[in-house]
Amino acid sequence: MNSDIHRLEDPSAALELFDGWDETIVWSALDGTMGEIYVGRAMTAACVLLGDFALLASPAEDADAVQALLADVQANIDHPMLLAAPDEAQFALCRSLLCDMGGGVRYATRKESGVFDPARLRRFAADVPAGYTLSGMTPEIWAQIREKGGWMRDFISNFADYASFSAQALGVFALRNGEIVCGASSYSVFDGGIEIEIGTHEAHRRRHLARACAARLILDCLERGLYPSWDAANLESLGLAQQLGYRFSHTYPYLALAPQAVVDACFDKKYGEAALQAAALLEGEPEPVPCMANLAALLFETLDRVNWAGFYTVQPDGSLLLGPFQGKPACVRIARGRGVCGASCEAAETQLVPDVHAFPGHIACDSASRSELVVPVIRDGAVRAVLDIDSPIRNRFTERERALAEKIADLLAAKF
């Protein structure tokens, strides 16, 4: 983590940030049972990391703090995670700050006691087909999961060893000839309960094994005074939960949070394809205006989290005149040397500005813009136009976007 982000030694310091979020993974971290909480220096945003989940809260919707946290998480994780937030506004903020790597919807059940029917659960637990047996966690089962992983890895993935699992968690597994074919286990634990993980080998599905394992695990939890929380990844899981006595609460969206190396590889591929497409669009067309129009459209379509992409052409007096663009209406003329575009034109150099509000003389054509990338289009040593790209978030542009924009500017230069 960078110097502005740190792990909370006292998880209770984040209680206010996560206030009212009815999520057991948050509870696990807040009560110090498992998971970690990272915060920014100003304590306006926090992120819980546990297993495959990243749960981020910023009641004040501090975009800069959230952006810093997300960037740090992506730089330090080694596997994709599911990112969720406590409400629509905070989720929308996260989505606006991240490149689109996909996402989905999960199904929360109500966390309420006294809704389970023990007699019904015992019938389900006894409904095991011939040739299968149920077992709790044993050293042999732990070793088999550790060795084979795959579909069953999350039965134990958040526990360091057999001893820590046995001390904190519970699991029930269906065996056939000694091999695990289904299980209901503790994905995570919190003070007073567990979060259930369900899985069945594809060759043994539709035999009520998941229902039997889950019923037995719920009974074991009830006997120990633990709450067996259930968060469904899909409608099939929700349907099973409802058979067992849970009641549906609400859906909630999540984003796929990928490691930065994965994001970089995706961008390299995407931008490489865009550069090839740009060359194809310009081939055979000698006039600069239609070329600029197509390039502006291509960039606006290719680059995520941008609110303007287009061109200004250099006039005889050194001013800049609005050319083809994509986005909101913009300043028609920019005086010589004014703003980021004028600075790029005067210096005949690319300007990559992380925060336009910190750039002297910035021209706010769109008040939503926070960062900007401007590349000069140079022919025979003279600047003929500038390519201007704006984003509504800080620090949007990297050397990767700079390289793509400069490649496109070089292609366009031949048309002037």
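The values are calculated or read from the model by the stated rules, or taken from the named source; none is laboratory data. These figures come from a predicted structure and were not determined experimentally. Note that we place each Cβ from the backbone using ideal geometry, even for glycine, and neighbour counts take in every protein chain shown. Side chains are part of the model used for accessible areas, which takes the heavy atoms of the whole protein and leaves out ligands, DNA and RNA. Shrake-Rupley method; radii C 1.70, N 1.55, O 1.52, S 1.80 Å.
Figures for the structure shown
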read-out	value
Solvent-accessible area per residue, Å², over segment 296-402 with all protein chains present [probe radius 1.4 Å]	43
Calculated FRET value between Ala92 and Ala203, using beta carbons and R₀ = 45 Å, to 0.05	0.60
With DNA, RNA and ligands ignored, accessible area of Asp31 (1.4 Å probe; Å², nearest 10)	70
Accessible-area composition of segment 1-135, carbon plus sulfur, in percent [1.4 Å probe]	49
Expected 222 nm ellipticity per residue - DSSP helices of 4 or more, -39500 (n - 2.57), all of the chain, to 500	-10500 deg cm²/dmol
Whole-number D in µm² s⁻¹ for segment 110-247, Kirkwood Cα-pair radius fed into Stokes-Einstein, 10 °C, 1.306 mPa s	107
Net length gained if the chain between Glu147 and Asp19 were fully extended (0.36 nm per residue, minus Cα distance)	42.1 nm
Average projection area in nm² (convex hull over Cα atoms of segment 152-226, one quarter of hull surface)	5.0
In nm, spacing of pseudo-spin labels at Ala75 and Leu321 (7 Å Cα→C-beta vector)	4.5
Share, in percent, of DSSP beta bridges within the chain that are antiparallel, nearest 5	90
Unit charges at the beta carbon, dipole of segment 55-112: most positive-side option, Ala63, Ser96, Tyr107	Tyr107
Dimensionless Rg ratio for segment 286-416, taking C-alpha atoms and the 2.2 N^0.38 Å reference	0.93
Average Cα contact separation per residue, segment 281-416, under 8 Å, 6 or more apart, as relative contact order %	24
Base-10 log of normalised Debye intensity for segment 344-416 (one unit scatterer per alpha-carbon) at q = 0.18 Å⁻¹	-0.68
Extension reserve of the Ala358-His250 stretch, reckoned as 0.36 nm per residue once the Cα distance is removed	34.6 nm
Packing-based ranking, highest mean first, of 356-366, 40-50, 161-171 given that Cβ atoms within 10 Å are counted	40-50, 161-171, 356-366
Dipole magnitude of segment 178-320 about its Cα centre (Cβ charges: Lys, Arg +1; Asp, Glu -1), debye to nearest 20	900
Förster radius 35 Å - calculated FRET efficiency between Gln260 and Val289 (Cβ-Cβ, nearest 0.05)	0.35
For segment 54-188, average projected area of the Cα convex hull in nm²	11.5
Eligible aspartates and glutamates near Lys407 by straight Cα distance, threshold 13 Å, same-chain separation 8 or greater	Glu273, Glu399
Fraction of the pair-distance distribution of the chain above 43 Å, Cα-Cα pairs, percent	31
Area projected by the alpha carbon convex hull of segment 323-365, averaged over all directions, nm²	3.4
Estimated FRET transfer efficiency (Ala60, Thr398; beta-carbon r; R0 30 Å; 0.05)	0.65
Net dipole in debye of the chain [+1 Lys, Arg Cβ; -1 Asp, Glu Cβ; about Cα centre; nearest 20]	1040
Computed lengthening from Asp31 to Glu140, 0.36 nm per intervening residue step minus Cα-Cα distance	36.2 nm
Per residue accessible area of segment 201-249, 1.4 Å probe, in Å²	50
Inter-label distance, nm, simple model (7 Å from Cα along the C-beta direction), Gln168/Asp268	3.7
Relative contact order %, segment 138-282, counting alpha carbon pairs below 8 Å whose residues are six or more apart	15
Ratio of the Cα radius of gyration of segment 174-315 to 2.2 N^0.38 Å, where N counts its residues	1.84
Whether segment 1-94 is rounded, prolate or oblate, judged on the alpha carbon gyration tensor where a/c under 1.5 counts as rounded	rounded
Long-range amide H partners of Met34 with built H, under 5 Å	Ala29
4 °C / 1.567 mPa s Stokes-Einstein diffusion coefficient of segment 213-253, Kirkwood radius on C-alpha pairs, µm²/s	118
Positive-pole candidate from Leu320, Ile25, Phe248, dipole of the chain, charges at beta carbon	Phe248
Centre separation in Å (Cα based) which lies between segment 1-77 and segment 233-268	19
